[in-house]
Amino acid sequence: MNGVKCIVILLWILIWANLYAQSGGLEQIYFDNLTDKEGLSDNVCYQVIEDQIGFKWIATANGLNRYDGVGMKTYYHNPNNPESISGNHIRNLLLDKDGFLWVGTQKNGLNRYNPETDSFERFTHLVNNPHSICDNQINCLYE
């Protein structure tokens, strides 16, 4: 019987603590729901990060999106522009310690965004170059 009383008291404490924490004047968090109606290039989103300027970068299945809180800019691969992003299926993002945005694609390698030129430097696997990246499918990014 004492064991049952302890469990009941413990549950009561946990419920009370949870209710107190929820009503304790915590800051409300609001979300913007972004879809293709607001300019998002695809409704399949893999990752979102915020850079030091405040841009939200959104990795989607069809392009890289940059949201400034008002409007959306989308970066697509352009086969005629070697400074465009290397592919449209964006899987992951990383903001490194120096503030550079790295973009990993499904099958088209790695990209580093240059904010001064609003362009990308591409890193891809080259069969005859042992110093290139090992594969063009970027599954995760880690610094």
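The values are calculated or read from the model by the stated rules, or taken from the named source; none is laboratory data. Because the structure is a prediction, the values reported are computed rather than measured. Counting neighbours? That spans all protein chains shown, and the Cβs are built from the backbone with ideal geometry, glycine included. When the accessible area is computed, the model is the full protein with side chains, heavy atoms only, and any ligands, DNA or RNA have been set aside. Shrake-Rupley method; radii C 1.70, N 1.55, O 1.52, S 1.80 Å.
Just reorder Ile53, Ile133, Ile85, Ile138 by solvent-accessible area, largest first, 1.4 Å probe, all chains present.
Largest accessible area first, the list is Ile53, Ile133, Ile138, Ile85.
Between the DSSP loop rule and a limit of at most 15 other Cβ atoms within 10 Å, which trypsin sites (Lys or Arg not before Pro) in region 50-143 are left?
Hits after loop and neighbour filter: Lys97, Lys107.
Which ³J(HN,Hα) values in Hz, rounded to whole numbers, follow from the phi angles of region 62-76 under the Karplus curve 6.51 cos²θ - 1.76 cosθ + 1.60, where θ = phi - 60° and Gly and Pro get x?
8, x, 9, 10, 10, 10, 9, x, 10, x, 10, 10, 10, 9, 10
Starting from the residue with the highest accessible area, list Thr35, Thr117 in decreasing order, probe 1.4 Å.
Thr117, Thr35
Two-decimal Rg/Rh of region 29-143 from alpha-carbon positions, Kirkwood Rh?
0.97
How large is ³J(HN,Hα), in whole Hz, for each residue of region 133-143 in order, when computed from phi with the Karplus curve 6.51 cos²θ - 1.76 cosθ + 1.60 and θ = phi - 60°, using x for Gly and Pro?
5, 6, 7, 8, 8, 9, 8, 7, 10, 8, 9
Carbon and sulfur: what percent of region 27-143's accessible surface (1.4 Å probe)?
So the carbon and sulfur contribution to the accessible surface is 49 percent.
Which cross-chain or sequence-distant (5 or more) residues have an amide H under 5 Å from the amide H of Asn114, H modelled 1.01 Å from N in plane?
Ser119, Phe120, Glu121
Can you work out ³J(HN,Hα) from phi for every residue in region 46-61, in order, using Karplus 6.51 cos²θ - 1.76 cosθ + 1.60 and θ = phi - 60°, giving whole Hz and x for Gly and Pro?
Using θ = phi - 60°, the values come out as 9, 7, 9, 9, 10, 8, 5, 8, x, 5, 9, 9, 10, 8, 10, 6 Hz.
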